[in-house]
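Participant: Sharing a structure below in structure tokens format, with a few things to ask.
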Amino acid sequence: CSATGDPRPIISWKRQGAALPVGRSVRRNNALIIRNLKEEDAGNYICVATSSGVFQTEAISYVEVIKPRGK
């Protein structure tokens, strides 16, 4: 997720209808990384860019988790 502006926006992440995976999600360089992805991690993840109360914008990404065949 990226955003530009003046003042420089702060990027945060949230999940629609649920919490981010506890202990398995980290933010690195404005990207959300989920380790050991599980079926229950599927859903909408929202990147929020906020710039000192001047503006706030969101972008939604849908994550789908597909089990490998035979598992």
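Participant: Name every residue in the range 41-71 that is open to solvent by 100 Å² or more (accessible area, probe 1.4 Å) and in contact (Cβ under 8 Å) with a residue 24 or more places away in the chain, in order of residue number.
Facilitator: First pass over the range 41-71, keeping only residues open to solvent by 100 Å² or more (accessible area, probe 1.4 Å): 54, 56, 60, 62, 64, 66-67, 69, 71.
Matches in the range 41-71: 54, 60, 67.
Participant: Another one. I need the full set of residues from the range 13-30 which are surrounded by 14 or more Cβ atoms within 10 Å (Cβ to Cβ) and within 17 Å of residue 43 (Cα to Cα), in order please.
Facilitator: 13, 14, 15, 20, 21, 25 - these are the residues of the range 13-30 that are surrounded by 14 or more Cβ atoms within 10 Å (Cβ to Cβ) and within 17 Å of residue 43 (Cα to Cα).
Participant: Among 27, 35, 15, which is the only one that is more than 11 Å from the chain's Cα centre (by Cα) and of a type in the set (Lys, Arg)? Write out each step before concluding.
Facilitator: Numbers: 27 fails: more than 11 Å from the chain's Cα centre (by Cα); 15 fails: more than 11 Å from the chain's Cα centre (by Cα).
Exactly one residue qualifies, and that residue is 35.
The values are calculated or read from the model by the stated rules, or taken from the named source; none is laboratory data. In this text the structure is predicted, and so the values were computed from the model without any measurement. Cβ atoms come from the backbone with ideal geometry, glycine included; neighbour counts cover every protein chain shown. Quick note on the areas: whole protein, heavy atoms, side chains included, nothing else; ligands and nucleic acids left out. Shrake-Rupley method; radii C 1.70, N 1.55, O 1.52, S 1.80 Å.
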